[in-house]
Structure formats: C-alpha cells, structure tokens
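K.L.:
Mind looking over this structure? Questions follow.
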Amino acid sequence: MQPLLSQACWDTLYMVGWSTLIAVVGGLPLGILLVLTDRGGLLQNVLANKVIGQIVNVARSMPFIILMVALMNFTRWITGTTIGREAAIVPLAIGAIPFFARLVETAVREVDGGLVEAVQSMGGNTWTVVRKVLVPESLPSLISSTTTTIVALIGYSAMAGTVGAGGLGDIAIRYGYQRFETELMWITVAILAVVISVIQFAGDYAARSLHRRGGRSGPAPKLRLLKASTATGETV
Amino acid sequence: MITTTGLTKVYRSRGREVTALDGVDLHVREGEVYGVIGQSGAGKSSLIRCVNLLERPTAGTVTVDGRDLTALAGRGPRAGRELRQARSRIGMVFQHFNLLSSRTVQDNVELPLEILGTSGKERSRKALELLDLVGLTGKAKAYPAQLSGGQKQRVGIARALAGDPKVLLSDEATSALDPETTRSILQLLRDLNRQLGLTVLLITHEMDVVKTICDSAALMENGRIVEHGTVSELLATPGSELAAALFPVGGEASGDDRTVLDVTFHGEAATQPVISQLSRTYNIDISILGAAIDTVGGLQIGRMRIELPGRYEDNVVPIGFLREQGLQIDVLGREALLVKDGAQ
C-alpha cells in the first residue's frame, strides 16, 4: 500500500509541478498583455484585447475533462502519447494558462497608474514598465494567484487518472470507489488535505511577507471607489 | 527653458469633446520657479503632462531646453527613443509620490539610473549622494511604507534629480502634505533651484505655494492662461485677480457714501507713514478695514484696505496724493458705481 501511495503522491506532484510552471510561464505574459492592450493601456489595441479576452474566457470555462479529451491529438503531437503523466501535463497546463492569465490580469490592474506614469516620465519604455513596475509591484498578488492555480490544478489532476496518468485522484477512484477500499480512499483524502493546506499556507506566508515589506497602507483605491459608488447607489 | 505655443489638448470620449487646454502659451525662463495656479479642472494637470508629453497635445508645440519635444514624439501613441531620452532629462515629482513600494528608498532613487543604463556602483554612489542632498541620510534601506509623507516626497525629489535634469516638473507636489511639511518641501525645492540652477515648473491650487517660492506665476481658467508674469509684476498690476488672491485683504464698506481703497505698498513706500500724512494733510478720518504684510517672492509687500468718507468724486484729490507717494491704489466697486450713475 505504501509504495502505491507514495508513487501516487509523486505522480500528482509531478503533474501539478510541471503544469504550474508552464501555466505561469504562459499565463503571466498573457495576463499582462490583457492589461496593456486594454483601452487606455500602454499598448492599446482594442481588437487584440477582445480576441485574447474571448479565447481566455472560453478556454477557462471549458470543463477540464472535455478539454482533456478534445486536446488528445495535440497531446500526442507534443508528447508522442496520450497516456501517462506526461500526456496529462499538456491539458493541465493548457487549462491552467487562461485561468492564471485572468488572475494575473486582476493583480496587475491593481497597480497604481501613477507608478507607470512615473517610470514613463523617467524615460522608461513599455518593457521597463512591465519589468520594473507591473511585475514587482503586483508580486504578492501574483504569488497568491499561483497558489490558487496550484490548488485548482491538484483538483484537475484527479481527473487525469482517466488517461492513465496515475496520481492520488486515480487511487481514490480505482481503489476507494471501484474496489470499495474505503480506508485507502480516506487516506488519499487526508493526504490531499495536507498537501493543499501546506501549499496554501506557504503561498499565503510568502505573499504576506512580501506585502508587509511593501506595506501598502489601506485598501486599494479601486476598492474604495467601488464602495463609494455602491453607497451612493443605495441612497438614490 | 520651457516654451509652449498654442498648446491645445482635446479629450474625446464617446463622441463628446472636452477641451482641457485651449491654446496655452507659456514661457518659463531658465533658473526660475514658475507656478501655474488654478482650480481643479482648469487644465493645470494636462498642461504639466503635456510638457514632457505624458499627454500628447492635440495641437501646438512644446520646447524644453531648446529641443522641440513635439517633433521628437513622432506620430504613434508610444514614445520613441529620442523622446524617452529627452524625458530622462526632465525630472518630475507627483502629488502621491508614486514610489515603488517593493523597492527600498535607495532602489527607488536608482530606478531612473537603471533606465539610463548607469553601472551598479555609480548608481548607488549617486543615489546616496542625492539622499544626502534631500536630507534623508540613513534612510537608504527603508521602504517607502516606513516613511512619513514629507520623507516620501523627498525620495520623490531625489529620484527626479537622478538623471541630472535641468528642469523639474512638480505636479501638486505638496497637496497631500500638511502645512508644516509643505513648507519644508517648498524650502527644499527653493534650495535646489538656487544650488543647482534648476528650473522648476509647478502646478498647484494653493496660493501659499506661489507666495512662498515662485518667481513667476500664471493663473489658469478653463484651459487658458488668463494672467501671467513675475510675482512682483502681478502685484503691481491694478485689478490683477492673481495679486488679489495672492494677497487677500477683507473688509466691507460701512455705508453707501464711502470710498473703499486697496492700497498696496512695496519697496520704498512701505516705510513711509503715508496714512497719517494723508489724514493730516486733508483732514479726513480714515478707517482701516483690513491689512496684511507678507513676503511674496522674496519681496516685502503690504496691503491695506481703507475707507474714506464721501464718494469717489469727493476723494479724487486724496487718491491722487496716495498715487503720488508711489502706492498702488485700487478703488473698489468703482465700476459698479459708474454703472449706477449712468442708470440715473
């Protein structure tokens, strides 16, 4: 039982680890691009923004199991197979990229426009703005977004068992559900709970310590604006 | 140093057009502190943003230190290399400081140097030197969140000076600060202006700022400059709105058949006992409605609102006497009186 579980744990972490990495690498630029191309952005391009936004929306709301099946040909083209851990990473990563991109977009939007203006006034170009302002200033939020993405990917990876990728979800279904080995199922549940808690805690801790250093005082101005408008809405 | 000609900025949104700047001609001389004052919505912000082309003017030209920035800007919405280079020689400080919260004070000051491609050692030498200059020695490793508002603005100023600019733009730099801190920041700007020969263009809605540090000032209303000149010129201009606002005196006439005068003293005249001379010479009773003495742009200025018995017609001679003494006299309500007389 032990080798079975440790193999499953390893499989899950392997799939989640790689797909998180790819999601961050792909989602970060996509999310930043969504902000930059928006109306009033540094690379304003309404058409591109609409197109990217639409693709992200559709891909993000696609049920994972369908995405996995639909992407089979693509997966085979990339990895040479549609079965196993490597094959599962492809749909996991592709499902997570738009998910992470939206989170990045929200995080980057929170960065004060005045900072962008300041860097422009120093003679910085768009790339400087991204590198020196948008990413470092939204880093605490970006870390939180990564944590959220990892947790979501652990959830998705349970379904990866259907393509023979193994992992904890696969154990829970095959042994716990199909063979009525309830004990094993509960162990996987416990392991998942621990793994998720540890990741969440580590992510929160990292984000908070960065945040404390930066120490923004008070809520973001955007939030206040929103509250003010709802307040006036009530009185009307 | 800074010249704008026919600067116009029109914002278009959903088919509506808003004219923020309506043909602004501004001329800032080298080494002076120039204040643009106006209420919010007057176009001050658009003006200062057009000077380093953070906003693209719809029409008109901007020349800074002999370079026509509008020509460098090119046609696209993004700033080309030449414009960015020109910008790095124009410092800018902001109302809300705009410091990067993820960087230490020193790293914030180094940011413009990073953009300029200065080497690491040189960057930190320069940053520490600038922090000394603005009075923040020992704060290099602190984060902006640990500083007070005044200290944050000092970092902002140090950062703006990192590229050795000849021109400093100040966008309401003291509006988020308390009066005490405002004074110390203005003092710092004044010192930098004198020590480094820095030309400062500032916008503000606080008359005190203009009064404390400006050599010249302009008043903006509805996207136009309605009055401009050196502070002493403005104060010597009869009926100048800016002068009256710079140096307000209150007091209402106590009756209909009274003449109310605003007397402005500067230079020699300020030391003469003109009021008692007037009273003695013409044997009239003078009441003082309001008075103030202040230093504006480094000049001692006094202003007094006095009331003479009788209508304007009865007081032509005493007013002439005051003018002879080199005083500037504004007769209040004179135009209104004339209209009334005409109606009768």
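The values are calculated or read from the model by the stated rules, or taken from the named source; none is laboratory data. Keep in mind it's a predicted model, so treat the numbers as computed, not measured. Positions of Cβ are generated from backbone atoms using ideal geometry, with glycine treated the same way; all protein chains shown enter the neighbour counts.
K.L.:
Does at least one position in the range A:29-52 carry a residue that is part of a helix (DSSP H, G or I) and under 14 Å from A:Ala158 (Cα atoms)?
P.N.:
No, that holds for no residue.
K.L.:
(1) in contact with a Lys or Arg (Cβ under 6 Å, 6 or more places away or on another chain); (2) under 25 Å from B:Ala140 (Cβ atoms): which one isn't true of B:Ala20, the others all being true?
P.N.:
(2)
K.L.:
Moving on. Could you please let me know if A:Thr81 is surrounded by fewer than 21 Cβ atoms within 10 Å (Cβ to Cβ) and outside any helix (DSSP H, G or I)?
P.N.:
So A:Thr81 fits the description; yes.
K.L.:
Can I ask one more? Is it the case, given these coordinates, that A:Leu13 is surrounded by fewer than 21 Cβ atoms within 10 Å (Cβ to Cβ), out of contact with any Pro (no Cβ under 7 Å at 6 or more places or on another chain) and in a helix (DSSP H, G or I)?
P.N.:
It is true that A:Leu13 is surrounded by fewer than 21 Cβ atoms within 10 Å (Cβ to Cβ), out of contact with any Pro (no Cβ under 7 Å at 6 or more places or on another chain) and in a helix (DSSP H, G or I).
K.L.:
Please work out which one of (1) within 12 Å of another protein chain (Cβ to nearest Cβ); (2) touching an Asp or Glu at 6+ places or on another chain (Cβ under 8 Å) is the condition B:Arg123 fails and give its number.
P.N.:
Among (1) within 12 Å of another protein chain (Cβ to nearest Cβ); (2) touching an Asp or Glu at 6+ places or on another chain (Cβ under 8 Å), B:Arg123 violates only (1).
K.L.:
Filter the range A:55-70 for residues that are over 13 Å from A:Tyr156 (Cα atoms) and in contact with a Gly (Cβ under 9 Å, 6 or more places away or on another chain); which is surrounded by the most Cβ atoms within 10 Å (Cβ to Cβ)?
P.N.:
A:Val56
K.L.:
Go through B:Gly197, B:Gly223, B:Gly250 for me and flag whichever is surrounded by fewer than 16 Cβ atoms within 10 Å (Cβ to Cβ), in contact (Cβ under 8 Å) with a residue 40 or more places away in the chain and within 30 Å of A:Gly123 (Cβ to Cβ).
P.N.:
B:Gly197
K.L.:
Residues that are within 14 Å of another protein chain (Cβ to nearest Cβ) and under 21 Å from B:Ala127 (Cα atoms): which helices (runs of 4 or more DSSP H) entirely in the range B:141-213 hold 3 or more of them?
P.N.:
Result: B:149-161.
K.L.:
Okay, moving on. If we only count helices (runs of 4 or more DSSP H) wholly inside the range A:131-236, which ones have 2 or more residues that are at pLDDT 90 or above and surrounded by 18 or more Cβ atoms within 10 Å (Cβ to Cβ)?
P.N.:
In the range A:131-236, A:139-159, A:182-214 are the helices (runs of 4 or more DSSP H) which contain 2 or more residues that are at pLDDT 90 or above and surrounded by 18 or more Cβ atoms within 10 Å (Cβ to Cβ).
K.L.:
Can you tell me which residue is farthest from B:Ile90 (Cα to Cα) among those in the range B:1-41 that are among the charged types (D, E, K, R) and touching a residue at least 40 places away in the same chain (Cβ under 8 Å)?
P.N.:
The residue in question is B:Asp22.
K.L.:
May I ask you to verify whether B:Leu338 is out of contact with any strand residue (DSSP E or B) (no Cβ under 8 Å at 6 or more places or on another chain), outside any loop (DSSP other than H, G, I, E, B) and modelled with pLDDT under 80?
P.N.:
Judged against the criteria, B:Leu338 is a match.
K.L.:
Restrict the check to the range B:280-288 and report whether at least one residue is under 23 Å from the mean Cα position of the chain (by Cα) and over 20 Å from B:Glu324 (Cα atoms).
P.N.:
There is no residue in the range B:280-288 that is under 23 Å from the mean Cα position of the chain (by Cα) and over 20 Å from B:Glu324 (Cα atoms).
K.L.:
For the list (1) over 16 Å from A:Trp18 (Cα atoms); (2) surrounded by 19 or more Cβ atoms within 10 Å (Cβ to Cβ); (3) out of contact with any strand residue (DSSP E or B) (no Cβ under 9 Å at 6 or more places or on another chain), I need the number of the one condition that A:Ala93 fails.
P.N.:
Going through (1) over 16 Å from A:Trp18 (Cα atoms); (2) surrounded by 19 or more Cβ atoms within 10 Å (Cβ to Cβ); (3) out of contact with any strand residue (DSSP E or B) (no Cβ under 9 Å at 6 or more places or on another chain) one by one, A:Ala93 breaks only (1).
K.L.:
Kindly establish whether A:Val111 is in contact with an Asp or Glu (Cβ under 6 Å, 6 or more places away or on another chain), closer than 30 Å to B:Ala86 by Cβ and not hydroxyl-bearing (Ser, Thr, Tyr).
P.N.:
Here the answer is yes, as A:Val111 does meet what is asked.
K.L.:
Also: Which one is farthest from the other protein chains (Cβ to nearest Cβ), of the residues in the range B:53-96 that are assigned to a loop (DSSP other than H, G, I, E, B) and in contact (Cβ under 8 Å) with a residue 60 or more places away in the chain?
P.N.:
Checking each candidate, the answer is B:Asp65.
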